[in-house]
Amino acid sequence: MNDRTERLAVTIEQKNEEMLDLLAGLESSDLDRPCADPGGSTVGAVVAHLAEGYSLVLGWIARTTGQKTDGQRADASPAPQTHDHTLHHGEPERDVVEHIAQLRAGGAVWAALIRGLADDQLERVPAATPQITDGTQTLADVMEMMVEHQSAHLTSIKEAVADPAVPSRSAT
């Protein structure tokens, strides 16, 4: 591990913790609030999008860097993403608890994968992969874009729950 990978891993951990703190503070009525986010039309849908995205991202990082995650082969394909972003159990509070657990575990794995890299690996340009990279950026740049992508979703959630003029869909 070097200073660069450590800085990136710490940034991932800090952003993940910020996300977890925000999600843990959501009320069940917040999940139905409309959300102006490309990841979903409600806060709950964006939360599901974030959780589903981790399996895609972690599988891609592991394959790209030749590392393994929790018994996963380095060449294993990620679990398919459904992209419907519905809450899976019909019990929004339970779903959010499960999504928070996925995000907590995923953030730790993401940071660990980054810590396992050398500078030259961060400077490699991974092949184009739909929904992740067009094949022109370094791995470090892709990781930074992923952190920014996550931050953009968090901003959308914060704006949705902070606007008292916009009632939740369940209140209408």
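Derivation of every value follows stated rules applied to the coordinates shown; laboratory data play no part. Remember, predicted model here, so these are calculated numbers, not experimental data. Cβ: placed from backbone, ideal geometry, glycine included. Neighbour counts: every protein chain shown.
Quick notes on this one:
- Cβ-Cβ distance of LYS68 and ASP119, R₀ of 25 Å, FRET efficiency by 1/(1 + (r/R0)^6): the value works out to about 0.75.
- Residue order, fewest to most surrounding Cβ atoms within 10 angstrom, among TRP60, TRP110: TRP60, TRP110
- Of the GluC sites (Glu not before Pro) found in the stretch 110-148, those in coil by DSSP whose Cβ has at most 14 other Cβ atoms within 10 Å are GLU123.
- Gain upon complete extension [ARG7, ALA101; 0.36 nm per residue less C-alpha separation]: 31.4 nm
- Nearest-0.05 FRET efficiency for GLU17 and GLN131, computed from C-beta distance (R0 25 Å): 0.50
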